Amino acid sequence: MRRLLLLGVVLSGLAAAVPPAAAEPASERAQRLIERLGSEEFADREQATAALDALGADALPALRAGLNHPDQEVRRRCGDVLERVERRCLSAAMLRPARLRLCYRDQPLKEVLRDVSRRTGYRVQLAGAAAHLADRRVTLDTGEADCWGALDRFFQLAGLTDGDPDPKDHAQPVNLSSGPVPTLGKENPDGWRLPGEARRLVVRAGKERLPTFTSGALRLRALPPPCPCGMPPPGGGAPLTLEVRLQPGMDWLGVAQVRVDRALDEHGQPLPCSVVPRPLPAEDGGFVYPPAPKNEITFSVHPGGGPTPRLRELRGTLTGLVRREGQPLADVGLRDATGRSFPCAGGGSLRVRAVVDEGDGMWRVELDAEAEASNPVRLAVIPVKSSPGRVLVSEKEGTCPFTARDAAGARVRLATGHYFASPDGDIRSYTLYFQAARDQGDPVRLEFVGPRTALVEVPFVLRDVPLTP
């Protein structure tokens, strides 16, 4: 018996001395899974497909190579998985959140909210009924977090809650920043959010929190019942309205599709759930159901065994069109680029007409930027009166979407530049002059940055959602 125990100890010691096998590189695992897509067993093909999907971005090179595989089934499955993974990666890139820290010490709330407006890009206002809080002293520190996380922490520590003003509160919100304030009151008696209010956050005293889901720069919230228009949805059922907001610097252009995967009542029983259509106002001036703002989605929840006061869980996927400024559209190597065209992310192309060494570290780059209608290159312009149609660009004014870099990655200064726009505005012909410093190399790369419009897909889950006031 003792010999057996001694032998076990020796074997376990030897096993511990053997180093663990190195983890299989993602690229090799992806390639092995690609070959399994052509297996004779259906279950094996399905498992390999799911595993490639789970690998995500690490599987992209192998999936793209798999599009040229001799097996038709492998090519088909690679194409399907590639489309899903690329869509997820694009959604993550478009919804990448900004980081924010809000820290204040013994400052009046009105000054604090003014600073929050400046730093976030939102026009943060006090609801009319909360005007008396403007001079309250505030001390707090949110710590560094994503934009929505920092704002939510800020509201909690300050004893505030953000949301639309109470329709019964007709007092004008306290304007803490410059610019006109969209009015509610007589011009908007039903409390509808007006165009231009997407960048406004109205705050009031309170600790209640609406059911919320965040995904990077996007926040999805269930608005408090009843339905904002005060009318039951067509076909009956309980109305539920979700609000979409994005951090500043981004625009939500509208919902493309909403899929509800699961809706559970307070007892955990599944409920049917459908998106409510909203017809436009009737020609006689009346309406059956008011059109919704583009950042709201209304559901009709149909209780199966009778009315339910809340949903335990609502799970689904939201697909919508997002526009974001300052996105990388192209990265062009300037060597041997003359006469070539380069595709831009999101549509359009760059055509390099000439790259010329002018001497003394000065380089002239001539190119045509063609943008898709859904992804225009919008810039602040400085028209030149002496040359009709000519627009100056410069680094100082922030009007140039192009950045030249040397071989070390350092920025090469833009000395001057201009462009001419085609009559329809779809093509801009640029002439740019870049001046390298004395101790700097020549420009070898040109980065093109601008607004990008793309469909994003966001799986979401909301819990403890009230359906009745």
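Rule-based calculations on the coordinates, nothing more; no lab input. All figures in this text were calculated on a predicted structure; none of them were measured in a lab. Positions of Cβ are backbone-derived with ideal geometry, glycine not excepted, and every protein chain shown enters the neighbour counts.
The ranking of 265, 80 from fewest to most other beta carbons within 10 Å of each one's beta carbon is 80, 265. Over 13 Å apart: what share of the alpha carbon pairs of the stretch 26-94 falls there, rounded to a whole percent? Looking at the stretch 26-94, the distances longer than 13 Å represent 57 percent of pairs.
With a simple spin-label model that places each label point 7 Å from the Cα along the Cα-to-Cβ direction, the separation between residue 356 and residue 144 comes to 4.6 nm.
Straightening the chain between residue 440 and residue 26 buys 145.2 nm, computed as 0.36 nm per residue apart minus the Cα-Cα spacing.
Taking a straight Cα-Cα cut-off under 20 Å and skipping sequence neighbours fewer than 8 places away in the same chain, the aspartates and glutamates within cross-link reach of residue 207 are 135, 141, 152, 162, 164, 166, 169, 243, 464.
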